[in-house]
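Step one of this worksheet: look at the structure below.
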Amino acid sequence: MEENQTPLYQEPQNTKVMSVSDWLVTLLLMIIPLVNIVLLFVWAFSSTENKNRSNWAKAELILLAVVLVLYILFFIVFFVIAGNSF
């Protein structure tokens with residue numbers, strides 16, 4: 001292929017595989033309270049974000065929602081049982 005020819009297919013920038021250092025930075029940022037939730041939403045719904053990180057953030061948000069619903073159900077059941085015992 002000549003130097004000034006463009007390839008037939010060029011992989012979009014946001015689909016490259018994330019390196020180990022990228023993942024370490026991502027996980028370190030998830031340690032910071034409140035920043036982690038904001039970043040999850042930014043990474044999940046940004047059209048320019050790396051697809052690997054975007055899919056991971058979407059999965060994390062789904063898990064967060066499931067855990068939150070389970071906590072709410074647990075506390076409702078707990079307070080109903082505790083209220084009936086008095």
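The values are calculated or read from the model by the stated rules, or taken from the named source; none is laboratory data. The model shown is predicted, which means the values in this text are computed figures rather than measured ones. Cβ atoms come from the backbone with ideal geometry, glycine included; neighbour counts cover every protein chain shown.
With Ile32, Ile62 as the choices, which residue is in a loop (DSSP other than H, G, I, E, B) and at pLDDT 95 or above?
Ile32
Here is a list: Leu61, Leu68, Leu29. Which entry is surrounded by 13 or more Cβ atoms within 10 Å (Cβ to Cβ), over 9 Å from the mean Cα position of the chain (by Cα) and more than 22 Å from Pro12 (Cβ to Cβ)?
Sole residue among the options that is surrounded by 13 or more Cβ atoms within 10 Å (Cβ to Cβ), over 9 Å from the mean Cα position of the chain (by Cα) and more than 22 Å from Pro12 (Cβ to Cβ): Leu29.
I need the full set of residues from segment 8-26 which are polar (S, T, N, Q) and surrounded by 12 or more Cβ atoms within 10 Å (Cβ to Cβ), in order please.
Residues satisfying the conditions are Asn14, Thr26.
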